[in-house]
1. Given the structure, is Leu194 surrounded by 10 or more Cβ atoms within 10 Å (Cβ to Cβ), of a type outside the set (S, T, N, Q) and modelled with pLDDT of 95 or more?
2. Just wondering, is there one or more residues in segment 41-55 that are closer than 15 Å to Cys24 by Cβ, among the β-branched types (Val, Ile, Thr), more than 35 Å from the chain's Cα centre (by Cα) and in the same structural domain as Asn28 (by TED's automatic domain parsing)?
3. Could you list, ordered by first residue, the pairs with Cβ atoms under 8 Å in which the first is in segment 102-116 and in contact (Cβ under 8 Å) with a residue 60 or more places away in the chain and the second is of a type in the set (D, E, K, R) and surrounded by 13 or more Cβ atoms within 10 Å (Cβ to Cβ), at least 6 apart or interchain?
4. Does Thr120 satisfy being surrounded by fewer than 12 Cβ atoms within 10 Å (Cβ to Cβ), among the hydroxyl-bearing types (Ser, Thr, Tyr) and part of a helix (DSSP H, G or I)?
5. Run Val107 past the list (1) modelled with pLDDT under 85; (2) β-branched (Val, Ile, Thr); (3) in the same structural domain as Leu197 (by TED's automatic domain parsing) and report the number of the one that doesn't hold.
6. For segment 93-115, check the following and say yes or no: at least one residue is acidic (Asp, Glu) and part of a helix (DSSP H, G or I).
7. So is Val25 under 19 Å from Ala192 (Cα atoms), of a type in the set (Val, Ile, Thr) and modelled with pLDDT of 85 or more or not?
8. With the condition kept exactly as written, say whether any residue in segment 63-78 is at pLDDT below 90, part of a loop (DSSP other than H, G, I, E, B) and surrounded by 11 or more Cβ atoms within 10 Å (Cβ to Cβ).
Amino acid sequence: MGGVLLATLAADLARAQAGGIYTCVDRNGRRLTADRPIPECLDREQRELSPSGTVRRQIGPSLTEQERSAQEAQQRKEAEARAREVEERRRERVLTTRYPDKAAHDVERAAAIQMVDDVTATAEKRIAELKQQHKAFEVEMEFYKRDPNKAPMALRRKIAENEDSIAEQQRFIAGQDQEKRRVHQRFDAELAQLRKLWESQRLPAAAAGAAAETPAASR
């Protein structure tokens, strides 16, 4: 028995000196060694030992094509999650830099709402102009009150175009009302997020301030 053991050790040593020894424990609990990756241990971890007996690297377990695809898909999913996390942290830094406090956020909200109000005011001014034109057309139509069908086609076309333009401007103003609500909703959601970020920034600062005051108090 001792001779067999010595022979095995000598063979392992020779393989180690030539390159490296691969070792593993197979599914039956047997420890195997070889001078190349061991087929019986493709489903489990193998170790490559240096000539000095230290672990050069760990190998495997080798995966089937389906397992490898699943592993790659999981790795991509994890990488995407990390990328989203990094992007979210970047966006948070940009947000708190742009809005260091609520006052700064309120100023930008007011500016965004003012832009919508300015566009709405322009549309309302245009409606007032169109209504003035409509009144002028109505004066002309007075001549054809008894039989409007006798009014010139050009006049009737102008009246129809005028009414269409008024309706279009009114639809535009309704759209601006919706836009104003969307602006407020966006700023409300942003403010809710900012409150959490501002609070998370204040906590470390408060803790640092308390730590700085403690030594002074002890003196």
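1. yes
2. Yes.
3. His105/Glu190; Ile113/Lys180; Val116/Glu179; Val116/Lys180
4. no
5. Among (1) modelled with pLDDT under 85; (2) β-branched (Val, Ile, Thr); (3) in the same structural domain as Leu197 (by TED's automatic domain parsing), the lone unmet condition for Val107 is (1).
6. Within segment 93-115 (the criterion being acidic (Asp, Glu) and part of a helix (DSSP H, G or I)), the answer is yes, since at least one residue qualifies.
7. When the stated conditions are applied, Val25 does not pass them.
8. yes
The values are calculated or read from the model by the stated rules, or taken from the named source; none is laboratory data. Predicted model only: the values in this text are computed from it and were never measured. As a convention, Cβ positions derive from the backbone with ideal geometry for all residues, glycine included, and neighbour counts pool all protein chains shown.
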